[in-house]
Amino acid sequence: MIESTSHLDPSSHSSKTAPAIVDVRGLEKTYSTLSVRGRKQVHALRGVSLEARPGDVFGLLGPNGAGKTTMIKILLGVVKPSGGSASLFGQPVGSSAARQRVGYLPESLRVDLHHTARSALRYYGRLSRMNSADIQRRSDELLELVGLQGRDQESVRRFSKGMYQRLGLAQALMHDPDLLVLDEPTDGLDPVGRNEVRKVIERLRDLGKTIFLNSHILQEVEMVCTRVAIMAGGQLLAIGPIDELASPGDASNLFFDVRLEGDPDEIIPIVADAVSPSDRSTLSVAARRSGEATHRITMGAADQMAVDRVVDALRGRGVSIVRLENRRPSLEDTFMRLVGSAAASQRPEPGQQF
């Protein structure tokens, strides 16, 4: 079941015995900006609480302006919060002890073009104060992990964007961190590049690495993450395991499609009379023609009894049901519902000014 965000208890994770690697509680961040109307307060984060535990691949999802990048910057110690608290490995974010255990792949990594993959890893290894023997050993391991072995002496100027991102993952892992923070790791990549990066993330997940992944690409998150938080407008809307967010246990979120032969003007009142007012609000019909006219009706169903009532009502009126299909909502369905509701609640009333 999706965890409540109004009474969020970070300790409710299934790995309760393991201490949290990322622990965020009531996090606030407010920026002050200047405009033609004077100084304005922008609330980037509004009381966000979440945590990631060892072995999690934690996905942070949200539209542009949700507060995801601000969250990442706070965890890395680049930006200070305005309120609340955040810690990594039980240490305050930004502390030397915490930062030494974090690997980071920024959204737009830049590697000087005179580098090869191997020389770039050597450079990042030295930044992490590694000795030459460890740099050599670790470079060999990582080049194999990300699939760049045999191309380690090529100039990075010849790399595709997918290869560049895989090199970015290697540099983030150079000092063998306990937590890997990835900011939009597949953004701007073509399908081949996304697949390459996703395979590396899956290998890291299988190796037991804890990964904190910021993305707006729902399909990527659904493929690799074990746990997801959905944000919008600086607020946390939902948090939970990926399978529960993608298929919530709340029966009111079940959907089914019915393909019927007949006049939709006659069909809709029959269905509407058989369902509850809340289900009625989700009712829609679309005409699809394949030989004879066939119409698809999509609606929410509170439970299986609601489905049965609709079927009985249609059959009782002599309507032929061509196909009945239960469809569990996807992560995208959940995301759009939550983000849409949040946007509607924040929309100003007519005549309201800011």
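The values are calculated or read from the model by the stated rules, or taken from the named source; none is laboratory data. What you see is a predicted model; the values in this text were computed from it and never measured. Reconstructed Cβ throughout: ideal geometry from the backbone, glycine too, with neighbour counts over all protein chains shown. When the accessible area is computed, the model is the full protein with side chains, heavy atoms only, and any ligands, DNA or RNA have been set aside. Shrake-Rupley method; radii C 1.70, N 1.55, O 1.52, S 1.80 Å.
Screening the range 114-149 for residues that are open to solvent by 60 Å² or more (accessible area, probe 1.4 Å) and under 22 Å from R194 (Cβ atoms) and picking the one that is modelled with the lowest pLDDT gives Q149. Taking the numbered list (1) more than 17 Å from the chain's Cα centre (by Cα); (2) open to solvent by less than 70 Å² (accessible area, probe 1.4 Å); (3) modelled with pLDDT under 85 in turn, H175 passes all entries but (3). Of all residues in the range 87-103, one or more are of a type in the set (F, W, Y) and either open to solvent by less than 40 Å² (accessible area, probe 1.4 Å) or free of Cβ contacts under 8 Å to residues at least 60 places away in the same chain (or both). For D190, are the conditions met, namely being open to solvent by 10 Å² or more (accessible area, probe 1.4 Å) and modelled with pLDDT under 90? In short, yes.
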